[in-house]
1. Quick one: Asp96 ticks every box in (1) free of Cβ contacts under 8 Å to residues at least 24 places away in the same chain; (2) in a helix (DSSP H, G or I); (3) of a type outside the set (Gly, Ala, Ser); (4) surrounded by fewer than 17 Cβ atoms within 10 Å (Cβ to Cβ) except a single one, so which number is it?
2. Test of understanding: among Arg37, Arg58, Arg12, which residue is among the charged types (D, E, K, R), modelled with pLDDT of 95 or more and closer than 26 Å to Thr111 by Cβ?
3. Being within 19 Å of Leu30 (Cβ to Cβ), part of a loop (DSSP other than H, G, I, E, B) and out of contact with any Ser or Thr (no Cβ under 6 Å at 6 or more places or on another chain) is the filter here; which residues of segment 66-82 pass it?
Amino acid sequence: MTRFTPTDSIERELGETFKRLSQDGFLAGLEPKDFARKAAGLLSDINRIHPFREGNGRAQRHFVRQLSESVGHRLRFEVISKERMIQASILSANGDVTMMERLTEEIVRRTCPTH
């Protein structure tokens, strides 16, 4: 069973997640492999927090895709099967981000020179 963040802790958990993202410079200037690792951690954190009743996966992918493009990377989620993404999400929500990191590494492409 996947355990998500209790509703009364969502705001605090999101605040901590976005504070870490800010401290990490919004992942700017990272090589693709390092970016993929950090982006996978971000996806995993947001998934665990699970702030929306419906549409978490779509919202998470859109957010991380937009973030990646703003710092010169492109995440090609369309090449990952729904089944693999669900499995990676379940594992990461339960503390194992290995598969999410591997998937993110597979789909990250640099779109412009490092900032």
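1. Unmet condition: (2).
2. Arg37
3. As a first pass, look at segment 66-82 and keep what is within 19 Å of Leu30 (Cβ to Cβ): 66-77.
Add one more test, that the residue is part of a loop (DSSP other than H, G, I, E, B), and what stays is 71-72, 76.
Those that are within 19 Å of Leu30 (Cβ to Cβ), part of a loop (DSSP other than H, G, I, E, B) and out of contact with any Ser or Thr (no Cβ under 6 Å at 6 or more places or on another chain): Val71, Arg76.
The values are calculated or read from the model by the stated rules, or taken from the named source; none is laboratory data. Quick caveat: nothing in here was measured; it's all calculated off a predicted structure. Neighbour counts are summed over all protein chains in view; Cβ atoms, including those assigned to glycine, are modelled from backbone coordinates with ideal geometry.
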